[in-house]
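Down below is the structure, laid out as structure tokens.
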Amino acid sequence: MELAGDYNSSMFETRYVQVRGQTTAYEVAEVFREYGDAYRAAYRVTPQQARVLGALGACRTRALGGKVYECRACGAVEFAYLSCRDRHCPKCQKFARAQWVEAQKVYLLPIPYFHVVFTTDHAINAWVPANQATLYNLLFETAAATLKAFAARELGGELGITAVLHTWGQTLPLHVHVHCVVTGGALSFDGQRWVRCALGYLFDIVAVSAAFRDAFCAGLVRLAAQGQLVGVTGDEARPTVAAMQAKNWEVFAKPFETPETVMEYLSRYVHAVAISNSRLTHMGDGQVRFTYHDNQDGGKQKEMTVSAVEFIRRFLWHVLPDGFVRIRYYGLHHSAARKSKLPRARALLGLPPALPKVTQLVLAVWLADVVGVELHRCRFCGAVGTLSYRGEVAQMPWVWLWLKVLFGWLFAEPWRGANVNASVPA
């Protein structure tokens, strides 16, 4: 926990003034606040990057305002600063992810599922900064079209596909790929049969890889020829694309053991950001240290240290264009198919055609069960239901609050102090 900006003074004990929200020793937001100006002096910042720098740096601080609560039992004052809700924020995506996963559970069928990953050649990385939306859209469209074509030819039906864009690797380089959750079977085009895949087998992955590579490369040439790639002409694109197409591309495919493991997978990958706060192990002296899994060394966990400016540069590579949709649905998972085709598939697989209702998560309950934070419990004395709303941080008469906290500290009854100390975790 951190003390509220202007209240970080030795004259106030932490049991009387505290801010909710920070749960890790180091945070991406701290790096932005401490070294953001140094980054701006070294690099050009796009409008989208500037917005993310500002939003994450201000998240759950006095800059965004918030609410003040006082415990009627012990007199402790807590600040609940507002969150930025930016989709690139490591702190603001956990509840959104949980809500999304609950919504997806109702679409699961009692069948095998597959995890399929389509990765682009790194040669396109030089084109990405100026062409994010164009190249990411091409990746989505090509991956989905490839899966649909194989399903039509080999299964005679339509798959369900949920695709999630990722643009990073473990050490935050540009690594553009899309994760797909794919049904292990298809609804026949006439809607009369459910066609199952062979056990543990979706399609010939070598053939899928080659088809994806050729289609993606053809798309790059087409976009360049049409003038849709900023800074890349058709003549400039052809030799680079030809070199990419001469390589063997590998599409990864692996079956999930059960439909339940699909949810476990989704909870890790959906609404993810480039790096979580929990991976940061040190920040100081102009440097940032973080953990990563070295996939070239058997997935061993290691640590990397980079300059803070370089850390920000790598993080900002993964800021998406405004309004860009990074989770997309195709086939049986598409919103239109959920009204007709998905109920038909459910009926053929022995389920009631109507989709179950989505479980609506309650933030307070979710925080208590998953994060271990009880919103209605005083963190100092442990009393439940004693927190009273005292006003907005942005509108609070600060001198009055200083005096209130000071007098609460000076005249705290001895039994209150003992009770609070006993309840504060080590």
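Structural remarks
- THR142 fulfils the conditions (1) buried (at least 18 other Cβ atoms within 10 Å of the Cβ); (2) in the same structural domain as LEU349 (by TED's automatic domain parsing); (3) more than 21 Å from THR167 (Cα to Cα) except for a single criterion, (3).
- Exclusive hit being under 20 Å from HIS177 (Cα atoms), over 30 Å from the mean Cα position of the chain (by Cα) and outside any loop (DSSP other than H, G, I, E, B), set VAL221, VAL208: VAL221
- Search result, residues across segment 253-302 that are among the small types (Gly, Ala, Ser), in a strand (DSSP E or B) and touching a strand residue (DSSP E or B) at 6+ places or on another chain (Cβ under 8 Å): ALA253
- Test for ALA76: is it modelled with pLDDT of 80 or more and surrounded by 19 or more Cβ atoms within 10 Å (Cβ to Cβ): yes
- The condition of being touching a His at 6+ places or on another chain (Cβ under 9 Å) and in a loop (DSSP other than H, G, I, E, B) does not hold for ALA354.
- Counting only strands (runs of 3 or more DSSP E) wholly contained in segment 33-127, the ones carrying 1 or more residues that are small (Gly, Ala, Ser), over 27 Å from TYR329 (Cα atoms) and not assigned by TED's automatic domain parsing to the domain that holds LYS247 occupy 66-71, 77-81.
- Identity of the residue in segment 148-188, in a loop (DSSP other than H, G, I, E, B) and surrounded by fewer than 18 Cβ atoms within 10 Å (Cβ to Cβ), that ends up modelled with the highest pLDDT: GLY156
- Taking each residue of segment 191-205 that is farther than 14 Å from LEU147 by Cβ and in contact (Cβ under 8 Å) with a residue 60 or more places away in the chain and looking for partners that are among the aliphatic types (A, V, I, L, M) and loosely packed, with under 15 Cβ neighbours inside 10 Å with beta-carbon atoms closer than 7 Å, six or more apart or interchain, yields TRP194/LEU349.
- One residue stands out in segment 296-342 among those that are β-branched (Val, Ile, Thr) and without any contact (Cβ under 8 Å) to a residue 60 or more places away in the chain: the one that is farthest from MET283 (Cα to Cα), namely VAL325.
- Qualifying residues in segment 91-147 (those that are acidic (Asp, Glu) and modelled with pLDDT of 85 or more) - the one farthest from TYR265 (Cα to Cα): ASP121
- Candidates ALA143, ALA103 - the one that is small (Gly, Ala, Ser), under 24 Å from the mean Cα position of the chain (by Cα) and farther than 28 Å from SER278 by Cα: ALA143
- Residue check for ALA243: touching a residue at least 12 places away in the same chain (Cβ under 8 Å) and more than 29 Å from LEU320 (Cβ to Cβ): no
- Which listed residue, of GLY331, GLY350, is modelled with pLDDT of 90 or more and loosely packed, with under 15 Cβ neighbours inside 10 Å: GLY350
- Yes/no for TYR35 being at pLDDT 90 or above, touching a Lys or Arg at 6+ places or on another chain (Cβ under 8 Å) and either farther than 21 Å from LEU320 by Cα or not β-branched (Val, Ile, Thr) (or both): no
- Pairs with Cβ under 8 Å, 6+ apart, first in segment 84-108 and under 13 Å from ALA58 (Cα atoms), second of a type in the set (Lys, Arg) and modelled with pLDDT of 80 or more: CYS84/ARG60; ASP86/ARG51; LYS91/ARG60; CYS92/ARG85
The values are calculated or read from the model by the stated rules, or taken from the named source; none is laboratory data. Fair warning: this is a prediction, and the values are worked out from it, not measured in the lab. Heads up, the Cβs are rebuilt from the backbone with ideal geometry, glycines too, and the neighbour counts pull from every protein chain shown.
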